[in-house]
1. Hey, does segment 26-33 have a residue that's of a type outside the set (D, E, K, R), without any contact (Cβ under 8 Å) to a residue 60 or more places away in the chain, in contact with a helix residue (DSSP H, G or I) (Cβ under 8 Å, 6 or more places away or on another chain) and more than 28 Å from Pro118 (Cβ to Cβ)?
2. Pick from Arg93, Arg65, Arg87: which is crowded, with 19+ Cβ neighbours inside 10 Å and farther than 24 Å from Arg234 by Cβ?
3. Pick out the one residue from Ala141, Ala150 that is of a type in the set (Gly, Ala, Ser), modelled with pLDDT of 95 or more and surrounded by fewer than 24 Cβ atoms within 10 Å (Cβ to Cβ).
4. Show the residue pairs that are 6+ apart or on different chains and have beta-carbon atoms under 6 Å apart, the first residue being within segment 212-228 and over 15 Å from Trp309 (Cβ atoms), the second being of a type in the set (Phe, Trp, Tyr) and surrounded by fewer than 21 Cβ atoms within 10 Å (Cβ to Cβ).
5. Quick test of your reading of the structure: Arg52 fulfils all but one of (1) surrounded by fewer than 22 Cβ atoms within 10 Å (Cβ to Cβ); (2) at pLDDT below 95; (3) outside any helix (DSSP H, G or I). Name the failing condition by number.
6. For Ser14, are the conditions met, namely being under 28 Å from Ala162 (Cβ atoms) and at pLDDT 95 or above?
7. Assess whether Asp70 counts as being within 20 Å of Leu180 (Cα to Cα), acidic (Asp, Glu), surrounded by fewer than 16 Cβ atoms within 10 Å (Cβ to Cβ) and out of contact with any His (no Cβ under 9 Å at 6 or more places or on another chain).
8. It is to be established whether one or more residues within segment 30-40 are out of contact with any strand residue (DSSP E or B) (no Cβ under 9 Å at 6 or more places or on another chain), part of a helix (DSSP H, G or I) and over 30 Å from Pro290 (Cα atoms).
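The values are calculated or read from the model by the stated rules, or taken from the named source; none is laboratory data. Remember, it's a predicted structure, so these values are computed and weren't measured experimentally. Virtual Cβ from ideal backbone geometry, glycine too; neighbours counted across all protein chains shown.
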Amino acid sequence: MRLIITGGAGFIGSNLVRRMVNEGHHVLNVDKLTYAGNLNSLADVSHLPNYRFAKLDIADAQTTRRVLLDFCPEAVMHLAAESHVDRSIDGPREFIETNIVGTMNLLQSSLEYWRTLPADFASRFRFLHVSTDEVYGSLGATGLFNEETAYDPHSPYSATKASSDHLARAWFHTYGLPVLVTNCSNNYGPFQFPEKLIPVVILKAIHGEPIPVYGKGENVRDWLYVMDHCDALRTVLLKGTVGETYNIGGNNELKNIQLVEKLCDILNDLKPKANRQSYADQIAYVADRPGHDFRYAIDSSKLRRELGWTPKQDRLAGLRETCKWYLDNAAWWHPLLPDSSPIKRRGLI
């Protein structure tokens, strides 16, 4: 299968590109290479004949159109997005340009390309738009997001992703473009940029710095191992019903403070301090994020029922594997840190 994967040098994208290339698909990785795009994440597949890379800003409509026509994909898997909530608070314009304008350009370019295809080829083409559970807003202590949950985004990031979801569905309903949409819970695993919670905890811990926990650490997230997510995306692409939305969750709810404490326990075992003290002693509660949603949790029963997908990674095993990956791969993350120390906090008003 010939695939264009946008954002393929990012965290989820690089894991997805590797998965699809290793399966034998011909993949064109399209990425703008912002601060979060890192081709070193794909060094192990970059030499393979079924992998190609094109540096491209999807906000550039003309170049996007040309790339589609030149590569002739059978599917577009759209992951390119500005994705860090704290950065969206500081600078929402980039999120609007990439997540909204860029998605519109990619949809329109895909539509124009799709209309040139022979009927049998056009019937097989798919546009998979990858999104987040943050578009749904916040849950209370109970309940789950499902595909019918009303949108209620609370941050500039989630607002732009909600907008892009609506655009993707509009191109299906209005123009007939064969679109699929997925909304996933919080991902974790190897190659995640060091500004996100789990790598922040790991790197702050081993650098002997305070480990920041927003507010009281009571906010709840559903953690999805990145390779489970990649498997779900592959499943939706190959088996999903055009025009449908599928929610992807990890069935791994944790309060933020519980997650941080588990990571500290794992690090105590994998890389014990010389003085044998716990990394949990470094936990420091800091001012909460503005508009911080209390709880996210995904109901993935539609995906399980209709397409047969369930997450496979055990929570503790996945967290341990992730900690070990960061400990073993300083050569990947070390160049990404300013002054060789974990990235400072953003998103303070």
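1. Checking segment 26-33: at least one residue is of a type outside the set (D, E, K, R), without any contact (Cβ under 8 Å) to a residue 60 or more places away in the chain, in contact with a helix residue (DSSP H, G or I) (Cβ under 8 Å, 6 or more places away or on another chain) and more than 28 Å from Pro118 (Cβ to Cβ).
2. Arg87
3. Numbers: Ala141 fails: modelled with pLDDT of 95 or more.
Just a single option satisfies the conditions, and that option is Ala150.
4. Sorted first by the residue in segment 212-228, then by its partner, the pairs are Val213/Tyr285; Asn219/Phe294.
5. (2)
6. On the way: under 28 Å from Ala162 (Cβ atoms): yes; at pLDDT 95 or above: yes.
So Ser14 passes the test.
7. Values: within 20 Å of Leu180 (Cα to Cα): no; acidic (Asp, Glu): yes; surrounded by fewer than 16 Cβ atoms within 10 Å (Cβ to Cβ): yes; out of contact with any His (no Cβ under 9 Å at 6 or more places or on another chain): yes.
So Asp70 fails the test.
8. yes
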